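Values in this text are rule-based calculations from the coordinates and carry no lab data. These numbers were taken from a predicted model, which means no experiment stands behind them. Here Cβ is always computed from backbone atoms with ideal geometry, including for glycine, and neighbour counts include all displayed protein chains.
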Amino acid sequence: MDTDQASASTEDLRSAERCLQAAQLAADVTALDALLDDRLVFTGPDGRTYAKDDDLELQRSGRQRLTRVDEEDLAVLVVGPTGVTWFLGTLAGTFEGREFTARVRYTRTWVHTPRGGWRVIAAHVGPA
């Protein structure tokens with residue numbers, strides 16, 4: 001891959017990450033469904049692992065609603081059809097009826113396919 005292609009891939013992944021953030025903020029299940037790979041494994045702040053369907057149901061049910069996603073830093077790495085994003089920022093909203101504000105770091109691993117574009121296949125969130 002030449003430098004221009006790598007740069008374009010990096011910017012495409014950066015854009016996909018920001019689309020994911022917007023979908024989280026809007027609780028947009030359709031957009032999240034397109035951005036999350038069916039094989040997704042997400043490790044939450046409680047250390048438990050969750051699947052794509054768990055995340056989509058969390059949004060559908062309204063058990064989680066974000067009112068704020070403030071990005072402080074976003075690092076992006078692309079190697080072939082695999083990418084990693086490191087998000088640092090503050091989230092606020094409600095979870096299971098309780099308000100929260102938290103400064104967090106997400107690490108997301110993405111895969112790129114010709115038909116699906118960039119999709120999250122693994123993710124982890126923890127306090128920052």
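Being in contact (Cβ under 8 Å) with a residue 12 or more places away in the chain, touching a Cys at 6+ places or on another chain (Cβ under 8 Å) and under 15 Å from Arg18 (Cβ atoms) is a condition met by at least one residue of the stretch 30-53.
Whether any residue in the stretch 94-107 is in contact with a His (Cβ under 8 Å, 6 or more places away or on another chain), among the aromatic types (Phe, Trp, Tyr) and either within 16 Å of Glu17 (Cα to Cα) or part of a strand (DSSP E or B) (or both) is what I want to check. Checked against the condition, which is being in contact with a His (Cβ under 8 Å, 6 or more places away or on another chain), among the aromatic types (Phe, Trp, Tyr) and either within 16 Å of Glu17 (Cα to Cα) or part of a strand (DSSP E or B) (or both), the stretch 94-107 yields at least one hit. Among residues of the stretch 20-66 being of a type in the set (Gly, Ala, Ser) and in a helix (DSSP H, G or I), the one that is farthest from Thr85 (Cα to Cα) is Ser61. Find all pairs meeting these conditions: Cβ atoms under 6 angstrom apart; at least six residues apart or on different chains; first residue within the stretch 101-128 and within 19 Å of Thr49 (Cβ to Cβ); second residue among the small types (Gly, Ala, Ser) and surrounded by 17 or more Cβ atoms within 10 Å (Cβ to Cβ). As it stands, the answer is Arg108/Ala123; Thr109/Ala122; Trp110/Gly83, since those pairs meet every condition given.
Among residues of the stretch 80-91 that are within 11 Å of Thr10 (Cα to Cα), those with a Cβ under 6 angstrom from a residue that is among the charged types (D, E, K, R), sequence gap 6+ or separate chain, pair up as Thr85/Glu17; Thr85/Arg108.
Rundown of residues vs (1) closer than 16 Å to Trp118 by Cα; (2) surrounded by 15 or more Cβ atoms within 10 Å (Cβ to Cβ), yes/no style:
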site: Val41; (1), (2): yes, yes
site: Asp53; (1), (2): no, no
site: Leu58; (1), (2): no, yes
site: Glu72; (1), (2): no, no
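When Leu40 is tested against the conditions (1) touching a Gly at 6+ places or on another chain (Cβ under 8 Å); (2) over 19 Å from Leu91 (Cα atoms), the lone failure is (1).
Test Val76 against the stated conditions and say whether it is surrounded by 17 or more Cβ atoms within 10 Å (Cβ to Cβ), touching a Ser or Thr at 6+ places or on another chain (Cβ under 6 Å), on the phi < 0 side of the Ramachandran plot and not hydroxyl-bearing (Ser, Thr, Tyr). So Val76 passes the test.
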